[in-house]
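Please treat every number below as a calculation from the coordinates, not as lab data. Nothing here was measured: the structure is a model prediction, and the numbers come from that model. Here the Cβ positions follow ideal geometry from the backbone for every residue, glycine too, while neighbour counts run over all protein chains shown.
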Amino acid sequence: MAYNTLKKFFLLTLFFCFQFNTEAQNKPVVNNILFIGNSLTYTNNLPELVKTKAKYSGYNIHTEVIAFPNYAISDHWKDGKVQKLISSKKFDIVIIQQGPSSQSEGKKMLINYGKKYSDLCLENNVLLAYYMVWPSLRYYHTFDDVIKNHQLAAKMNNAILCPVGKVWKNYFDSTKKFDYYGLDSFHPSPKGSKVAADVIFNSLKKHLK
């Protein structure tokens with residue numbers, strides 16, 4: 001009698017262990033991404049577009065956004081909220097974005113404040129990515145400096161580069177169409193945001209689980 005009871009207990013234990021392992025294996029893997037930026041990030045809900053693109057490609061992404069009008073990455077850092085979010089260890093990837101940054105002040109900010117983000121991400125086992133944007137159509141002549149400064153900042157801070165601005169410029173130069181711009185000739189049109197989402201996803205894809 002005792003033997004049969006022990007046998008049943010053993011079999012039940014095996015069953016529940018198997019059930020637990022199966023559920024754990026079937027549980028979807030989530031990639032948590034934090035977007036930090038300004039209106040170039042929240043216009044047309046870019047994070048949601050990235051999430052949708054990832055879903056169609058078989059990846060599960062959860063996004064959170066902290067973005068305010070005319071904010072630079074230095075403004076977010078001085079507010080202090082981003083440090084708490086990154087240190088929470090909740091996120092796998094942090095994407096930072098600010099204005100075009102073609103001038104020396106913007107360049108320094110991309111590099112120096114990017115270093116602060118990079119160090120904090122490294123401490124918390126988080127990947128850092130730069131979302132390269134673009135100048136307004138009025139300042140199109142500064143486009144090469146926008147690209148160069150983002151490339152340099154990403155390289156110096158060992159970060160992933162999402163070269164949206166470069167992809168935009170290649171399209172503009174080859175087609176002479178500027179329909180990635182919205183009505184104000186600076187913020188993205190829905191088409192421009194979709195392209196941005198594609199570039200960001202493709203830049204992150206090899207780092208996703």
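Points worth noting:
- Here residue 189 and residue 62 are evaluated by their C-beta separation; at R0 = 22 Å the FRET efficiency comes out at 0.25.
- Computed from Cα positions, the angle between helix 104-123 and the longest principal axis of the chain comes to roughly 10 degrees.
- On Cα atoms only, tilt of 143-156 relative to the major axis of the chain in degrees: 40
- 19 Å Cα-Cα threshold exceeded, pairs from 166/191; 116/169; 78/148: 116/169; 78/148
- Of the residues 175, 142, 63, the one that moves most in a GNM of the chain with alpha-carbon contacts below 10 Å is 175.
- For the range 28-207, a simple Cβ point-charge model (Lys and Arg +1, Asp and Glu -1, everything else neutral) yields a dipole of about 280 debye relative to the Cα centre.
- Folded to 0 to 90 degrees: helix 164-175 orientation relative to the chain principal axis, Cα: 50
- Within a Gaussian network of the chain (alpha carbon springs, distance under 10 Å), most fluctuating of 38, 124, 157: 124
- With helices as the sole contributors, the chain gives -17500 deg cm²/dmol at 222 nm; each DSSP H run of n ≥ 4 counts as -39500 (n - 2.57), and the sum is divided by every residue.
- Simple spin-label estimate for residue 115 and residue 138 gives 3.3 nm between the two label positions (7 Å along the Cα-to-Cβ direction from each Cα).
- Computed across the range 28-207, the Kirkwood hydrodynamic radius from all distinct Cα-Cα pairs reaches 16.1 Å.
- Mean Cβ neighbour count within 10 Å, used as a protection proxy, ranking 89-100, 187-198, 72-83 highest first: 89-100, 187-198, 72-83
- Between residue 173 and residue 206, the FRET efficiency estimated from the beta carbon spacing at R0 = 25 angstrom works out to 0.35.
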